[in-house]
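Encoded as structure tokens, the structure appears first; notes follow it.
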Amino acid sequence: MGRAPAAGDKALGEYLSSECVTCHQLSGANVGIPPIVGWPDDSFIEIMNEYRYRKRNNSIMQTIAGRFSNDEIAALAAYFGSVKGR
Amino acid sequence: MNSTTRRYFIGGAGAAAAVIAFPMPAFAQAKPKVIVIGGGPGGSTVAKYVAKDGGIDVTLVEPLRQFTTCFHSNLYLGGFRSFQSLTHSYDKLVKNYGIKHARAMASAIDRDKKTVRLANGTTVPYDRLVVAPGIDIKFDSVPGYSEAVSNKLPHAWKPGPQTQLLVRQLNALKDGSLIVMIAPPNPYRCPPGPYERVSMMAHVLKAKGHKKSKIVVLDPKPNFSKQGLFVEGWEKHYPGMVEWQDPKMHGGINSVDAKTMTVKTDLAEYKAALINVIPAQMAGKIARDVGLANQTGFCAINPENMKSSVDGNIYILGDASIAGDMPKSAFSANSQAKVAAMMIRGELANGKIFPARYTNTCWSLIETDDTVKVGGRYEAKDGKITAVETFISKTGESADLRKQTQGENMGWYSGIIADIFT
């Protein structure tokens, strides 16, 4: 598996993540909305791309993912990957 | 610095002497000061996000000890949540991020001297001020209505005792009762809120087995948020119970009379068992008092950073602001707060600044497991906050999807509360 060749910018990821944590809890709590912390980068990127290209259904996630660039998604993956849930 | 301070106070003479012997380079250079007025979703979020990386002294000016959310108060009305589950303490903001909680109303702002005066008489200086006072109700926008009358005819558009009063009144209704809701004109807090409330009222009446009770909605607007979805839901779940009237149908809302429990329109007179008046709204008083609001009663902002259009040292968040395409919602306020926090840290703590991006989603529960949503992403464009992409639930969606959307709704509440208050 390994990490993505160009690792994402964690600082950018942390800023962008503020948008995600309104719903997805940093603690990793799973209450109606899936946790997104501590994932391997490549899984995170793959799922975001599936929303981005509308292969996965959820209008909110399609809208959110659709406006992120590759770098931004990589940055988010790096940031959330580094967060350890409680 | 916390530990140093603590040592100074509790460590006895030796520790105190140490502080005196090393004359306080850390204290001599005072940290920049941010004051936040209002501890709702906008104010509490900005306080946390400015404070969490340190280096800035943050004071949250909020008289309440704990906050009851207006969002999801309709679910309390419908019996889907307890009142207690809507109430959240500020303690973790104080404990986890060192935010000072000044439990007082802000009574005045001196924009030249950059100070806020509190109702308890103290004056606090700021480098940047965030004004997030939410809304005030325009009681005189409906003839016959007043703050005193609201103790009998609740607006329930601010959380707390008003919501509890409405719940008591709704639960006391007998079959054959008429409820009249006077809906608010734009712009107001929570655009789908009145119609979700109608749905929750209908849910309670239906669950109690009412066959003859009715809800009449008198609306000053020709249309409303998620209209197609609500109307579809009302017809499906509560056939014949809800009657919505636009201005062409009622001709104008003329007056309410609390003594006789009547509402007069141009074309009819209604004698009701419960009257819910949701009047027009404006930015909280403090914003209007110090010239931050314009003739609309709300506060113009710079869409790139949420700064007040009239004062570069002041940020305005949430319902009090004129946020372009963004609705007045807790989600919006929380999103705006993160933009403002980034900008404030950029100005005062050399934080990195990125272009502003905003998001919002509003969920509405129509009947058990039947929830719809509307939302979008927004950017600064054409001089305002402009929607760059939006979405809305569709009529005729499957029951499974609607149930899943309700799961999201509950998950969001839990998530935003964790984001704001922990």
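A single member of B:Ser150, B:Ser213, B:Ser199 is of a type in the set (S, T, N, Q), touching a helix residue (DSSP H, G or I) at 6+ places or on another chain (Cβ under 8 Å) and more than 29 Å from B:Ala323 (Cβ to Cβ), and it is B:Ser213. Select the strands (runs of 3 or more DSSP E) contained entirely in region B:100-158, then report the ones holding at least 3 residues which are among the small types (Gly, Ala, Ser). Passing ranges, in order: B:106-110. State whether one or more residues within region A:45-58 are more than 12 Å from chain B (Cβ to nearest Cβ), surrounded by fewer than 16 Cβ atoms within 10 Å (Cβ to Cβ), acidic (Asp, Glu) and within 10 Å of the chain's Cα centre (by Cα). Scanning region A:45-58 turns up at least one residue that is more than 12 Å from chain B (Cβ to nearest Cβ), surrounded by fewer than 16 Cβ atoms within 10 Å (Cβ to Cβ), acidic (Asp, Glu) and within 10 Å of the chain's Cα centre (by Cα).
Here region B:211-239 is the region considered, the condition is being open to solvent by 10 Å² or more (accessible area, probe 1.4 Å) and of a type in the set (Phe, Trp, Tyr), and the residue that is nearest to B:Val198 (Cα to Cα) is B:Trp234. For region A:26-34, the count of residues that are open to solvent by less than 40 Å² (accessible area, probe 1.4 Å), of a type outside the set (Ser, Thr, Tyr), in contact with an Asp or Glu (Cβ under 8 Å, 6 or more places away or on another chain) and free of Cβ contacts under 8 Å to residues at least 60 places away in the same chain is nonzero. Inside region B:312-356, residues that are open to solvent by 20 Å² or more (accessible area, probe 1.4 Å), under 23 Å from B:Gly228 (Cβ atoms) and assigned to a loop (DSSP other than H, G, I, E, B) make up a count of 2.
The residues of region B:385-422 that are of a type in the set (S, T, N, Q), out of contact with any Leu (no Cβ under 7 Å at 6 or more places or on another chain) and in contact (Cβ under 8 Å) with a residue 60 or more places away in the chain, listed by number, are B:Thr386, B:Thr422. Scan region A:71-86 for residues that are open to solvent by 20 Å² or more (accessible area, probe 1.4 Å) and over 21 Å from B:Ala356 (Cβ atoms) and jot them down. A:Gly81, A:Ser82, A:Val83, A:Lys84, A:Gly85, A:Arg86 - these are the residues of region A:71-86 that are open to solvent by 20 Å² or more (accessible area, probe 1.4 Å) and over 21 Å from B:Ala356 (Cβ atoms). Pairs linking a residue in region A:4-22 that is at the interface with another protein chain (Cβ under 7 Å from one of its Cβ atoms) and surrounded by fewer than 17 Cβ atoms within 10 Å (Cβ to Cβ) to a residue that is at pLDDT 85 or above and in a loop (DSSP other than H, G, I, E, B), with Cβ atoms under 8 Å and 6 or more positions apart or on different chains, are A:Ala11/B:Lys352. One residue stands out in region B:151-163 among those that are surrounded by fewer than 20 Cβ atoms within 10 Å (Cβ to Cβ) and under 17 Å from the mean Cα position of the chain (by Cα): the one that is nearest to B:Met261 (Cα to Cα), namely B:Gln162. Against the criterion of being facing chain B (nearest Cβ under 10 Å), surrounded by fewer than 16 Cβ atoms within 10 Å (Cβ to Cβ) and within 25 Å of B:Cys362 (Cβ to Cβ), A:Gly66 qualifies. Test B:Thr359 against the stated conditions and say whether it is assigned to a strand (DSSP E or B), β-branched (Val, Ile, Thr) and facing chain A (nearest Cβ under 10 Å). Judged against the criteria, B:Thr359 is a match. Of all residues in region B:382-396, those being part of a strand (DSSP E or B), open to solvent by 20 Å² or more (accessible area, probe 1.4 Å) and more than 13 Å from chain A (Cβ to nearest Cβ) number 1.
For B:Gly376, the conditions (1) open to solvent by 20 Å² or more (accessible area, probe 1.4 Å); (2) in contact with an Asp or Glu (Cβ under 8 Å, 6 or more places away or on another chain) are fulfilled apart from (1). When region B:341-356 is limited to residues that are hydrophobic (A, V, I, L, M, F, W, C) and more than 30 Å from B:Gln406 (Cα to Cα), the one that is farthest from the other protein chains (Cβ to nearest Cβ) turns out to be B:Leu348.
Looking at B:Val277, B:Val242, which one is among the aliphatic types (A, V, I, L, M), open to solvent by less than 10 Å² (accessible area, probe 1.4 Å), within 28 Å of the chain's Cα centre (by Cα) and at pLDDT 95 or above? Exactly one of B:Val277, B:Val242 is among the aliphatic types (A, V, I, L, M), open to solvent by less than 10 Å² (accessible area, probe 1.4 Å), within 28 Å of the chain's Cα centre (by Cα) and at pLDDT 95 or above, namely B:Val277.
The values are calculated or read from the model by the stated rules, or taken from the named source; none is laboratory data. Values in this document were obtained by computation on a predicted structure and should not be read as measured data. Positions of Cβ are generated from backbone atoms using ideal geometry, with glycine treated the same way; all protein chains shown enter the neighbour counts. The protein model used for the area step is the full one, side chains on, heavy atoms only, and it has no ligands, DNA or RNA in it. Shrake-Rupley method; radii C 1.70, N 1.55, O 1.52, S 1.80 Å.
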